[in-house]
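The structure appears below as structure tokens.
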Amino acid sequence: MFYSDVYLMEDAMKLGRKTGASGFDVLFLACAKKANAKLVTDDKKMYETAVKAGIEVELLRELISSP
């Protein structure tokens, strides 16, 4: 699936206002939300922002360290 940044921009701006996130983070968040997909990241701040936005998310370092 491919979403252009133009297609995601409105959702990205809403997420930016709601969460305080900026830049590429809001585009990744908007893409996960639009695709109804789980976001997998190793960025703790992005993980916390996704949780705040109600987006399903996994922290990569926890997935790797799990037995």
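The values are calculated or read from the model by the stated rules, or taken from the named source; none is laboratory data. Everything numeric in this text was worked out from a predicted model, so none of it was measured. Cβ placement follows ideal geometry from the backbone for every residue including glycine, while neighbour counts extend to all protein chains displayed. Side chains included, ligands, DNA and RNA excluded: accessible areas come from the protein's heavy atoms. Shrake-Rupley method; radii C 1.70, N 1.55, O 1.52, S 1.80 Å.
A straight Cα-to-Cα reach below 20 Å connects LYS45 with the lysines LYS14, LYS18, LYS33, residues fewer than 8 places away in its own chain not being considered.
Tell me which chymotrypsin sites (Phe, Trp or Tyr not before Pro) from region 1-45 have a DSSP coil assignment and no more than 16 other beta carbons within 10 Å of their own.
Working: sites: PHE2, TYR3, TYR7, PHE24, PHE28; in loops: PHE2, TYR3.
Here the chymotrypsin sites (Phe, Trp or Tyr not before Pro) that fit, given the DSSP loop and packing criteria, are PHE2, TYR3.
When Rg and the Kirkwood radius Rh are both evaluated on Cα atoms of the chain, their ratio Rg/Rh stands at 0.99. Between LEU63 and GLU10, the FRET efficiency estimated from the beta carbon spacing at R0 = 35 angstrom works out to 0.70.
Among the protein heavy atoms of region 1-60, carbon and sulfur supply 55% of the accessible surface, probe 1.4 Å, non-protein parts ignored. Charge dipole of the chain (Cα centre as origin; +1 on each Lys and Arg Cβ, -1 on each Asp and Glu Cβ, all else neutral): 200 debye, rounded to the nearest 20.
Each residue of region 27-43 was assigned a 3J(HN,Hα) from its phi angle through the Karplus curve 6.51 cos²θ - 1.76 cosθ + 1.60 (θ = phi - 60°); the sequence is 5, 5, 5, 5, 5, 4, 5, 4, 7, 6, 10, 7, 8, 10, 9, 10, 9 Hz, with glycine and proline shown as x.
Here's the list of aspartates and glutamates a cross-link from LYS34 could span, going by alpha-carbon distance under 18 Å and ignoring same-chain residues fewer than 8 apart: ASP5, GLU10, ASP11, ASP25, GLU56, GLU58.
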